Amino acid sequence: HAVLCLMNFSAEAQVVPLQEAGPWRKLLDSADEEWRGGQPSVPGETPPTDWTEAASVCLRPESIVVYGQG
């Protein structure tokens, strides 16, 4: 079992290359509407729900995305 935490503390969206092979599944995205009190998501692409090959993730401003494996 493994956990991957991606954090963006800046006010700008950031693209993060992912070198880790999967399968990975998104467990938490702090920019999702359910964590924002029903408010629309902030600008930027939504991080993928899961992946199995190296990819890139666009982290929305001031957000944390947690992925799990295993």
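Could you work out what % of the accessible surface of the chain is carbon and sulfur, using a 1.4 angstrom probe and leaving DNA, RNA and ligands out of the count?
Answer for the chain: carbon and sulfur cover 53 percent of the accessible area.
Given q = 0.22 Å⁻¹, what are the Debye log10 I(q)/I(0) values for the chain, with equal point scatterers placed on the Cα positions and solvent ignored?
Debye intensities relative to I(0), on a log10 scale: -0.92.
Can you list residues whose amide H is under 5 Å from residue 13's amide H, if they're 5+ apart or on another chain and H is modeled 1.01 Å from N?
Under 5 Å from the amide H of residue 13 lies no amide H from a residue far enough along the sequence or on another chain.
The values are calculated or read from the model by the stated rules, or taken from the named source; none is laboratory data. Predicted, not measured: the structure shown is a model, and the values here were computed from it. Ligands, DNA and RNA are stripped out before the accessible areas are found, and what is left, the full protein with its side chains, is counted by its heavy atoms. Shrake-Rupley method; radii C 1.70, N 1.55, O 1.52, S 1.80 Å.
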